Protein chains: 2
Amino acid sequence: MEPRIKLWLEKDGGVALSGYRVRLLKHVADTGSLAEAARRMGLSYRRAWGKVKEMETNLGVRLVRSEAGGPGGGRTRLTPEAERLVALYPRFEAAAEKEVRRRFSKVFGEKA
Amino acid sequence: MEPRIKLWLEKDGGVALSGYRVRLLKHVADTGSLAEAARRMGLSYRRAWGKVKEMETNLGVRLVRSEAGGPGGGRTRLTPEAERLVALYPRFEAAAEKEVRRRFSKVFGEKA
C-alpha cells in the first residue's frame, strides 16, 4: 500500500490556496500575464481571473497587480504577499507529504 | 489560514483504504451484519457489498467472512487482516493530520 494525500489551505471555510492555485499564480509570475497563465493551465481567461479573485476574497489580500501599458501592453505582477505564498506553499506541501509517508511507514510497518 | 487534508491508501493504483471505507468495515465489526453496516452508512446493501469487494480486490486479501445460519441468521465478521487495518488506519490518519498541521505552522508561521 502507499499513502495518497490531497492538501489545501482554507480561510474561514473558503479555499485559500492549493497546489493548483499556486501553479496558476506561478505562471502569472513567470509570464507577467494572466492571459498567458490561463493558457498554460488550460483555463479560459475568465475562469483564471475568477480563481484569482476568489483567492483574494478568501484570503483578504491582493495577489496580483496590473501595470498600465507602454509598448507591448501592461504586465500583471504578483504582490509581495502572493510571492510569499507561492514560495512557501511548495515547501509546506513537500514537508507534509514526507511526514505523511513517514507516519504511514511507522504505523503500517511498510515502506511508503 | 488552516491546512486541510484528504488521505487515502492505494495499492497498484486502486483505492485500498480510506476513512470512509474504514468506517464501513467498523460498522460491520460492530453489528455483525453488512446490511446493518450499509444502513448506518446510508448506502444500499449492493453498494456496500461492492465497496468491500473492491477493497478486497485492490488489497488482495479477504476482509469479511460470513458465517452460516443458526437461529437469527448468520453473522458477517471481519477477518484478522481487516481487524488489523481498521485498528491501524485511524492511528495513521490522526498522526498524519497532526504532522501536517505542524508543518503548516512551521512553514507559514501561523498556528494551524
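The values are calculated or read from the model by the stated rules, or taken from the named source; none is laboratory data. Please read all numbers here as calculations on a predicted model, not as lab measurements. Counting neighbours? That spans all protein chains shown, and the Cβs are built from the backbone with ideal geometry, glycine included. Side chains included, ligands, DNA and RNA excluded: accessible areas come from the protein's heavy atoms. Shrake-Rupley method; radii C 1.70, N 1.55, O 1.52, S 1.80 Å.
Remarks
- Over region A:47-112: Kirkwood hydrodynamic radius from C-alpha pairwise inverse distances, Å: 14.9
- At least 30 Å² accessible surface lost relative to isolated chain, residues of region A:1-34 (1.4 Å probe): A:M1, A:E2, A:R4, A:K6, A:W8, A:L9, A:E10
- Relative to the dominant Cα principal axis of chain A, helix A:80-108 is inclined by about 10°.
- Nonpolar atom fraction for chain A, defined as the carbon and sulfur part of the 1.4 Å probe accessible area, stands at 47 percent.
- Virtual spin-label span in nm between B:R91 and A:R62, 7 Å along Cα→Cβ: 5.2
- Charges were assigned to the Cβ only: +1 to each Lys and Arg, -1 to each Asp and Glu. The resulting dipole of the protein assembly as shown about its Cα centre is roughly 40 debye.
- Per-residue average of Cβ from other chains inside 10 Å of B:92-99: 5
- Buried surface for the B/A pair, taken as the accessible area of each chain alone minus that of the pair with a 1.4 Å probe, is close to 2600 Å² in total.
- Each peptide in A:12-20, B:89-97 gets a packing score, the mean of other Cβ atoms within 10 Å over its residues, and the list from highest to lowest is B:89-97, A:12-20.
- Rounded accessible area per residue of chain B, 1.4 Å, Å²: 55
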